[in-house]
Amino acid sequence: MIMSSLRKILDILNHHERRHFYVLITQSFLMALIDVTSVVSILPFLAVVSNPEIISENFYLNSLYNMLHFESTQNFLVLLGSCVFFLLLSRLHFGPIISTRLLDFQS
């Protein structure tokens, strides 16, 4: 059902529009991935901020902490907070761009 609908849509589009369609699908998928990652990253960050001992207890956080040679948990928390902030900003930056492209494609 879905594949036949997709085939009908692709048959209507010319070569240029089809290429644009594939780019938009890829960008939409990446935007969804950024959305999920940014939302999911907030709670673990808050857990680490409320209990910094998690850094030494969690294998992945401890490995990252040691690999980057941090000497202070405060500095490591700043790095984690910066990463979460960057994810949220990228979501806010790319969201309107992709939405505009989708609207342009529709018209």
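The values are calculated or read from the model by the stated rules, or taken from the named source; none is laboratory data. Treat the numbers as computed from the prediction; the structure is a model and nothing was measured. Heads up, the Cβs are rebuilt from the backbone with ideal geometry, glycines too, and the neighbour counts pull from every protein chain shown. Surface accessibility is based on the protein's heavy atoms, side chains included, excluding ligands, DNA and RNA. Shrake-Rupley method; radii C 1.70, N 1.55, O 1.52, S 1.80 Å.
For segment 11-17, backbone phi angles converted through the Karplus equation (6.51, -1.76, 1.60; θ = phi - 60°) give residue-by-residue couplings of 5, 6, 7, 7, 4, 4, 5 Hz, Gly and Pro being listed as x. Working from label points 7 Å from Cα in the Cα-to-Cβ sense, the Leu30 to Thr73 distance is 3.7 nm.
When +1 charges are put on Lys and Arg Cβ atoms and -1 charges on Asp and Glu Cβ atoms, the dipole computed for the chain relative to its Cα centre reaches about 580 debye.
How many angstrom separate the Cα center of segment 1-65 from the Cα center of segment 71-107? Between the Cα centres of segment 1-65 and segment 71-107 lies a distance of 11 Å.
Carbon-plus-sulfur accessible fraction, the chain (probe radius 1.4 Å, protein heavy atoms only): 69%. Note on the chain: dipole from Cβ charges, positive end direction compared against Thr73, Leu13, Ile42; the farthest Cα belongs to Leu13. Summing Lys and Arg as +1 and Asp and Glu as -1 over all other residues whose Cβ lies under 14 Å from the Cβ of Tyr65 gives a net charge of -3.
Using a cutoff of 8 angstrom between alpha carbon atoms and counting only pairs six or more residues apart, the relative contact order for the chain works out to 39 percent. Our helix-only sum for the chain, with -39,500 (n - 2.57) per DSSP H run of n ≥ 4 divided by its residues, gives a mean residue ellipticity at 222 nm of -30000 deg cm²/dmol.
Projecting the Cα atoms of Leu92, Tyr22, Ser56 onto the dipole axis of the chain, where Lys and Arg carry +1 and Asp and Glu carry -1 at the beta carbon, places Tyr22 farthest toward the positive end. The gain in end-to-end length when the Tyr22 to Met1 segment is fully stretched comes to 5.6 nm, 0.36 nm per residue minus the alpha carbon separation.
Couplings 3J(HN,Hα) for segment 59-69, derived from phi with the Karplus relation 6.51 cos²θ - 1.76 cosθ + 1.60 (θ = phi - 60°), are 4, 5, 5, 5, 5, 5, 4, 6, 5, 8, 6 Hz, where x marks Gly and Pro.
With protein chains left intact and a 1.4 Å probe, residues in the chain average 76 Å² of accessible area per residue.
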